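Working notes for the structure below.
Where a number appears in this text, it was derived from the coordinates with a stated rule and is not lab data. Bear in mind that the values here come from a model prediction, so they are computed numbers and not experimental data. For neighbour counting, all protein chains shown are included, and Cβ atoms are generated from backbone atoms with ideal geometry for every residue, glycine included.
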Amino acid sequence: MARITAGLTTSHVPAIGAALDLGKSTSEYWQPVFSGYDWAKRWIAEEKPDVIVLVYNDHASAFSLEIITTFAIGCAESFAPADEGFGPRPVPVVQGHPDLAWHIAQSTILDEFDMTIVNKMDVDHGLTVPLSLVFGQPEAWPARVIPVPVNVVQYPPPTGNRCWELGEAIRRAVESYEEDLNVQIWGTGGMSHQLQGPRAGLINREFDISFLDRLTSDPEALRRMPHIEYVREAGSEAIELVMWLIMRGAMGDNPKELHRFYHVPASNTALGHIVMEPGR
Ligand SMILES: [Fe+2]
């Protein structure tokens, strides 16, 4: 049977992708950011996941205000890097896993989650930057990826609790898939950031550290945190953190934090990264 063997969270700051693509990852500014992922690079080379269920948000690349999907799942054979205004990132095409993706779609929809099934989609920095941070610059991504885009761009995004419950449903789905696959689930986005207005550049280190702590020490509190608290405490774009709760919901009771990295600033935002193994 397929198993969820690990969860990973990371910010998906677009400037990180640009820094890597433009050969600036060893510069004085960016080296501390990239070195924070050295542990994950070594770890994942040993873990060798077959498939990554990658939760992220599209930033008006594949979707627009014409169609706003709350929860979607990419069931295509492959997903090309999106052109976000400067041409597509020079990264490999993402190979999907249609059989498992359709199985997750069926299982979660019959589990009463109204997923949008996406059969053609380009993927933007929300998905490719986490892959770059953890895998570097390979010729081909070493794992298949099932994209799970979540709307956190247009109000109203889903609640943290609903995200948590979707994570639980994704775990049930994966664990009912017959093929023996090593599956990870990643939640991306966050942490503190506000991109516009008088509070642009807001960073609340105390909130971020508390959020990282509570992922393992008090997840129930995070599950109930209202949207306004994310926005007030950590900036309007910090609402992306609800996507981390999809990963956390898939981890079950008492997961173990294996690794943590926190760094400020990374292009006007706070950057957070956690790796955990599921409890039961
Ligand atoms: Fe984002």
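Does the range 65-178 classify as rounded, prolate or oblate by the C-alpha gyration tensor (a ≥ b ≥ c root eigenvalues; a/c under 1.5 gives rounded; else a/b over b/c gives prolate, otherwise oblate)? Oblate, since a/c reaches 1.5 and b/c is not below a/b.
The value obtained for the chain, namely the Cα convex hull volume divided by the number of residues, is 120 Å³ per residue.
Cross-link partners for residue 256 among the lysines, with Cα-Cα distance under 20 Å and sequence neighbours closer than 8 places in the same chain left out: 41, 48. Summarising the strand pairing of the chain, around 45 percent of its internal DSSP beta bridges are antiparallel. Taking the chain as a Gaussian network, where each spring joins two C-alpha atoms under 10 Å apart, which residue of 117, 185, 44 fluctuates the most? Looking only at 117, 185, 44, the largest GNM fluctuation is found for 44. Arranged from fewest to most other beta-carbon atoms within 10 Å of their beta carbon, 43, 164 become 43, 164.
Mean residue ellipticity at 222 nm, helices only, the chain: -10000 deg cm²/dmol; runs of at least 4 DSSP H residues each add -39,500 (n - 2.57), and the sum is divided by the number of residues.
For residue 123, nonlocal amide neighbours, meaning residues 5 or more places apart or on other chains whose placed amide H falls under 5 Å from its own, are 80, 82.
When the GluC sites (Glu not before Pro) in the range 161-212 are filtered for DSSP coil states and for at most 12 other beta-carbon atoms within 10 Å of their beta-carbon, the remaining sites are 178, 179. Ranked from largest, the principal axis spans of the Cα set of the range 202-244 equal 25, 18, 14 Å.
Sequence-ordered 3J(HN,Hα) estimates for the range 38-43 from the Karplus curve with 6.51, -1.76 and 1.60 and θ = phi - 60° stand at 4, 4, 5, 4, 5, 4 Hz, glycine and proline given as x. Using equal-weight Cα scatterers in the Debye expression, the normalised intensity of the range 181-280 in log10 at q = 0.15 Å⁻¹ is -0.57. Here the 3J(HN,Hα) profile of the range 184-198, calculated from phi with Karplus coefficients 6.51, -1.76 and 1.60 at θ = phi - 60°, is 10, 10, 10, x, 10, x, x, 8, 3, 6, 9, 9, 9, x, x Hz, Gly and Pro shown as x. Computed as a quarter of the hull surface, the mean projected area of the alpha carbon convex hull for the range 63-123 stands at 4.7 nm².
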